[in-house]
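Worksheet for the structure shown next.
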Amino acid sequence: NKQPQDRWAPSKWAWVGLRVKSKMGRLMSGLYYPVQWEYADGTQAGEYQSWMPRQPDHLRSGHSDIEKLCGGNTPCHETFVRVNHGGLWDDTFVNKALPYVCQYQGKYMVSGERKSWDEANISCKNAGLEFAKIRSDDELMDLVGAIEYFLGPRSEERRWDDDNWVWI
């Protein structure tokens, strides 16, 4: 199988552990304030960022997509972070099913299994790992290399197994 041409295709993204802190109030589109963000383990996000242009945009779900994107009856906003093959970040909805990245002692582990952000976080914890953190260019390049190697290059054949965890 070749990677789809659509840049928003789930196979071109992977969850990492960054999210908006709960109850942050109104968020401004296109602006990143580290104080509003945290990692899955509750540690504060730092100044480092690698957002796509005009991101984060914190889009709100439409009423027809509430259950699918938000997992409930209340509209939600894009407040969870995914990373693409180029290392760019995008905020998106919690219930999108994407591959995900965990880490252990600074090494990234990529799972090709597609899960929601919450399910991915639980899977990392259950394996004794942390949901991935990205705090520098070096960490981002390590993560991008892992994503491309194990989930496949941007437009070539995929080289991953849905049931396989891989240490790098």
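The values are calculated or read from the model by the stated rules, or taken from the named source; none is laboratory data. Quick caveat, the model's predicted, so the values are computed rather than measured. Quick note on the areas: whole protein, heavy atoms, side chains included, nothing else; ligands and nucleic acids left out. Shrake-Rupley method; radii C 1.70, N 1.55, O 1.52, S 1.80 Å.
Some values worked out for this structure:
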item	result
Set Lys12/Lys115; Lys68/Lys133; Lys68/Lys125; Lys68/Lys107 screened for pairs whose C-alpha atoms are more than 22 Å apart	Lys68/Lys133; Lys68/Lys125; Lys68/Lys107
Å² per residue, accessible surface of the range 116-155 at 1.4 Å	48 Å²
Fully extended contour minus Cα-Cα distance, from Tyr32 to Ala9, at 0.36 nm per residue	5.8 nm
